[in-house]
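Notes for the one structure printed next.
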Amino acid sequence: MATGDLPSGQYADIGSLDGRDVLIVDTDNIPIRTITDKARSNDSVEEYSDLIDTFKHLHKVSDGFPIKDWRGVSKVMNTEGGMIDEVIDRFHGRVHPQFLPVIEEALVLREMDRVRGLSQEEVYDIRSGIGQRYADRGHDPEEAQYLVSMCSMGYLDKGSVFDQMYSDLVINGKKTENEYRDTFKMYVSNNPFAVFVRPQDKSVADLVDEATDKAGQIFDWPGSPEFVDVCAKGGARALARDARAELQNEFDGEMEVTRNDELEQYILTLHPNVTIR
């Protein structure tokens, strides 16, 4: 098993070291699925399958390869890899390919946080890396941050916002696959239904304004979830609770609070009246 420089867009290849075949992996950028997809599409499937098994075995016994700060990934992938694969499989043809590496990394981050309880600094560093890699591929890093946050909230999970949106627009509606992909991109680029609370750059007034503005426009979006979430984690929860007190006077609709103590999440959901349009 070795790492090395590979051409842009290529994550893995077969090389030779001391007369032996080795799997050369771009450990900074490779999505796990790339290895298995490469195996399925290659004429010599048996050769690649052996290497895949070796990769997975070494990844397991070494408690995760020391890829920068991503130690502990193997524990997550062994316990929750099925869920991560399930989401990736579901959205593989539903979204533009540029989003798939971000979705995979975001899901791994979520499970690492759940299993290990990452510090805010660790989460920030990993998120920054995801955004930087997305920018290096020529895309807006803010899109990556929105998508990471959406994954962390479970919006891509089975039966949640984007799965339900696909059912409404494509399976039971008249949208094409390409139209859904473009709709998904609009949601990622504009983040119309979630307010992610970051205490370093938001105040209670900012939260109230952003939440009410989004609530006033949410029904205009195709496949609208018809709600707006104010999402806070850790130390930002107090700010979200203060915003709730203000919104009780400012918001014309119903509100509910849910908590995920495992991830220290506080979610204030606004259900605007249809007449708010």
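The values are calculated or read from the model by the stated rules, or taken from the named source; none is laboratory data. All figures in this text were calculated on a predicted structure; none of them were measured in a lab. So basically every Cβ, Gly included, is an ideal-geometry build from the backbone, and we count neighbours across all protein chains shown. Heads up: the accessible areas ignore ligands, DNA and RNA and are worked out on the full protein's heavy atoms, side chains in. Shrake-Rupley method; radii C 1.70, N 1.55, O 1.52, S 1.80 Å.
With the checklist (1) in contact with an Asp or Glu (Cβ under 6 Å, 6 or more places away or on another chain); (2) under 24 Å from Glu111 (Cα atoms) in hand, flag the one item Leu268 doesn't pass.
(1)
If you check every pair at least six apart or on different chains, which have Cβ atoms under 6 Å apart with a residue in the range 103-127 that is without any contact (Cβ under 8 Å) to a residue 24 or more places away in the chain and part of a helix (DSSP H, G or I) first and a residue that is open to solvent by less than 10 Å² (accessible area, probe 1.4 Å) and β-branched (Val, Ile, Thr) second?
Arg127/Val148
Quick one: count up the residues across the range 156-189 that are assigned to a loop (DSSP other than H, G, I, E, B), at negative phi and surrounded by fewer than 21 Cβ atoms within 10 Å (Cβ to Cβ).
So the answer is 8.
Within the range 190-204, which residues are open to solvent by 60 Å² or more (accessible area, probe 1.4 Å) and in a helix (DSSP H, G or I)?
Matches in the range 190-204: Asn190 only.
Out of Val188, Val230, which single residue is within 29 Å of Leu107 (Cβ to Cβ) and in contact with a strand residue (DSSP E or B) (Cβ under 6 Å, 6 or more places away or on another chain)?
From the options Val188, Val230, the qualifying one is Val230.
Restricting to the range 244-263, give me the number of residues that are free of Cβ contacts under 8 Å to residues at least 12 places away in the same chain and basic (Lys, Arg).
1
Considering the range 188-237 alone, what residues qualify as being among the hydroxyl-bearing types (Ser, Thr, Tyr) and more than 17 Å from Glu250 (Cβ to Cβ)?
Ser189, Ser224, listed by residue number.
When you look at Glu226, is it out of contact with any Asp or Glu (no Cβ under 9 Å at 6 or more places or on another chain), outside any helix (DSSP H, G or I), open to solvent by 70 Å² or more (accessible area, probe 1.4 Å) and at pLDDT 95 or above, yes or no?
Spelling it out, Glu226 is indeed out of contact with any Asp or Glu (no Cβ under 9 Å at 6 or more places or on another chain), outside any helix (DSSP H, G or I), open to solvent by 70 Å² or more (accessible area, probe 1.4 Å) and at pLDDT 95 or above.
What are the residues in the range 213-223 that are closer than 25 Å to Asn260 by Cβ, open to solvent by 20 Å² or more (accessible area, probe 1.4 Å) and not in a loop (DSSP other than H, G, I, E, B), if any?
Lys214 - this is the single residue of the range 213-223 that is closer than 25 Å to Asn260 by Cβ, open to solvent by 20 Å² or more (accessible area, probe 1.4 Å) and not in a loop (DSSP other than H, G, I, E, B).
Might you let me know whether the range 71-79 holds any residue that is outside the structural domain of Gly234 (by the TED database), closer than 30 Å to Val195 by Cβ, open to solvent by less than 50 Å² (accessible area, probe 1.4 Å) and modelled with pLDDT of 95 or more?
No; the residues of the range 71-79 include none that is outside the structural domain of Gly234 (by the TED database), closer than 30 Å to Val195 by Cβ, open to solvent by less than 50 Å² (accessible area, probe 1.4 Å) and modelled with pLDDT of 95 or more.
Taking the range 229-254 as the search range and keeping residues that are closer than 22 Å to Tyr124 by Cβ and part of a strand (DSSP E or B), which one is most open to solvent (accessible area, probe 1.4 Å)?
Lys233
Given (1) part of a helix (DSSP H, G or I); (2) surrounded by fewer than 14 Cβ atoms within 10 Å (Cβ to Cβ), identify the lone condition not met by Arg259.
Tallying (1) part of a helix (DSSP H, G or I); (2) surrounded by fewer than 14 Cβ atoms within 10 Å (Cβ to Cβ), Arg259 fails exactly one: (1).
Of the residues Val208, Val204, Val161, only one is among the hydrophobic types (A, V, I, L, M, F, W, C) and out of contact with any Asp or Glu (no Cβ under 7 Å at 6 or more places or on another chain); which?
Answer to the selection: Val161.
Return yes when Val274 is within 24 Å of Cys151 (Cβ to Cβ) and among the β-branched types (Val, Ile, Thr) and no when it is not.
no
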